[in-house]
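Here the structure is laid out as structure tokens; the discussion comes afterwards.
The values are calculated or read from the model by the stated rules, or taken from the named source; none is laboratory data. Just so we're clear, the structure is a prediction, and the values are computed from it rather than from any experiment. Positions of Cβ are generated from backbone atoms using ideal geometry, with glycine treated the same way; all protein chains shown enter the neighbour counts. These accessible areas exclude ligands, DNA and RNA; they are computed on the full protein's heavy atoms, side chains included. Shrake-Rupley method; radii C 1.70, N 1.55, O 1.52, S 1.80 Å.
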Amino acid sequence: MTGLRGRTALVTGASRGLGRAIAQRLAADGASVVVHYGSNEAKAAETVAAITAAGGQAHAVRADLGKPDGVDKLFESIAAPLDIVVNNAAVFSPLFADTTPDDFDQVFAVNVKSPFFIIQRALPLMPDGSRIINVSSGVTWFAIPELAYAMTKGALNVLGRALANTLGDRQITVNTISPGITRSDMNDWLRDNPAAEQQVVGMVALGRVGEPEDIADAVSLVASGDARWITGEVIEVNGGLFLGPRKAAHH
Ligand SMILES: NC(=O)c1ccc[n+]([C@@H]2O[C@H](COP(=O)([O-])OP(=O)(O)OC[C@H]3O[C@@H](n4cnc5c(N)ncnc54)[C@H](OP(=O)(O)O)[C@@H]3O)[C@@H](O)[C@H]2O)c1
């Protein structure tokens, strides 16, 4: 695939997990990728190395998005044109009862405030027809006890819809990719835990845990030229999560 050749993409939180897979996929599509990370320099270097080994273009940029100067740091080395922004970096929160005001501020700073100001800073660098893609979560429509995290993702869904309407006159699309249960460090309860994995299989129509590449391929779809008429959408990418009890339709 070379559909994104000549484009530049910023992927936040691309040192690990879904962000790494998204960065690799957009690079394979031809984009030059800014691999953002928070603190894990070695992992970010692995992402860049994987991309360059496959013939793609990437460089890493460090910025702690929990800090007040995080967005400024990120943009120190980003120049126009920036064609694709993927707000993927996020942190999980403690359970409701254990969440302190500082925890609350931190999860909102990384998951909501940073994407908001990253987009504000990016827009003057983005040509008409560019793409903004925010990574949300299914926890906006199924309940989990880590309420602060879930609330941040609800805020992102609202941001995407409102922003899509605002940016339409520039032909910039804004879409929200909403993963289900996907293998990554954030889901360490799945690691070496076949019983938990079987439980997930029972909830998913397509019968398996999601892989980072499942999400990356969906990001690639909305980043592509063919997605020019799709905007303001929250796209659930979860293999059919919680569609109902799983029973075969045949014997
Ligand atoms: N995994 C799932 O099942 C799932 C489901 C629904 C939605 N999601 C969403 O998918 C996205 C990626 O999740 P993931 O599972 O891949 O997470 P992950 O494996 O925990 O990776 C998180 C990424 O965010 C970066 N990050 C964390 N704190 C940061 C900070 N303070 N400043 C800057 N960067 C920071 C990390 O950078 P460092 O490596 O430098 O720490 C890392 O690159 C998130 O938006 C998440 O909410 C995931």
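Could you please give the count of residues in segment 67-116 that are among the hydrophobic types (A, V, I, L, M, F, W, C) and in a strand (DSSP E or B)?
Qualifying residue count for the region: 3.
Among the residues of segment 162-187, how many are near the ligand (Cβ under 9 Å from one of its atoms) and either more than 16 Å from the chain's Cα centre (by Cα) or open to solvent by 50 Å² or more (accessible area, probe 1.4 Å) (or both)?
Counting residues in segment 162-187 that are near the ligand (Cβ under 9 Å from one of its atoms) and either more than 16 Å from the chain's Cα centre (by Cα) or open to solvent by 50 Å² or more (accessible area, probe 1.4 Å) (or both) gives 3.
Hey, residue 148 hits all of (1) within 21 Å of residue 97 (Cβ to Cβ); (2) touching a Lys or Arg at 6+ places or on another chain (Cβ under 8 Å); (3) more than 10 Å from the ligand (Cβ to nearest atom) but one; which does it fall short on?
Only one criterion in (1) within 21 Å of residue 97 (Cβ to Cβ); (2) touching a Lys or Arg at 6+ places or on another chain (Cβ under 8 Å); (3) more than 10 Å from the ligand (Cβ to nearest atom) is unmet by residue 148, namely (2).
I'd like the full set of residues that are more than 11 Å from the ligand (Cβ to nearest atom) and of a type in the set (Ser, Thr, Tyr), limited to segment 35-59.
Correct list: 52 only.
Take residue 52 and tell me if it is outside any strand (DSSP E or B) and surrounded by fewer than 18 Cβ atoms within 10 Å (Cβ to Cβ).
yes
Within segment 23-34, take every residue that is of a type in the set (A, V, I, L, M, F, W, C) and more than 19 Å from residue 80 (Cβ to Cβ) and give me the one that is nearest to the ligand (Cβ to nearest atom).
Checked segment 23-34; the qualifying residue nearest to the ligand (Cβ to nearest atom) is 23.
Report yes if residue 75 is in contact (Cβ under 8 Å) with a residue 12 or more places away in the chain, open to solvent by 50 Å² or more (accessible area, probe 1.4 Å) and among the aromatic types (Phe, Trp, Tyr), otherwise no.
The answer is no for residue 75.
Residues of segment 149-161 being of a type in the set (Val, Ile, Thr) and open to solvent by 30 Å² or more (accessible area, probe 1.4 Å), which ones?
158
Tell me whether segment 78-94 contains one or more residues that are without any contact (Cβ under 8 Å) to a residue 60 or more places away in the chain, away from the ligand (no atom under 15 Å from the Cβ) and loosely packed, with under 15 Cβ neighbours inside 10 Å.
yes
Among the listed residues 7, 20, 62, 16, identify the single one that is basic (Lys, Arg), open to solvent by 60 Å² or more (accessible area, probe 1.4 Å), within 13 Å of the ligand (Cβ to nearest atom) and in contact (Cβ under 8 Å) with a residue 40 or more places away in the chain.
16
Counting just the residues of segment 117-137 that are away from the ligand (no atom under 14 Å from the Cβ) and assigned to a helix (DSSP H, G or I), which one comes out nearest to residue 7 (Cα to Cα)?
125
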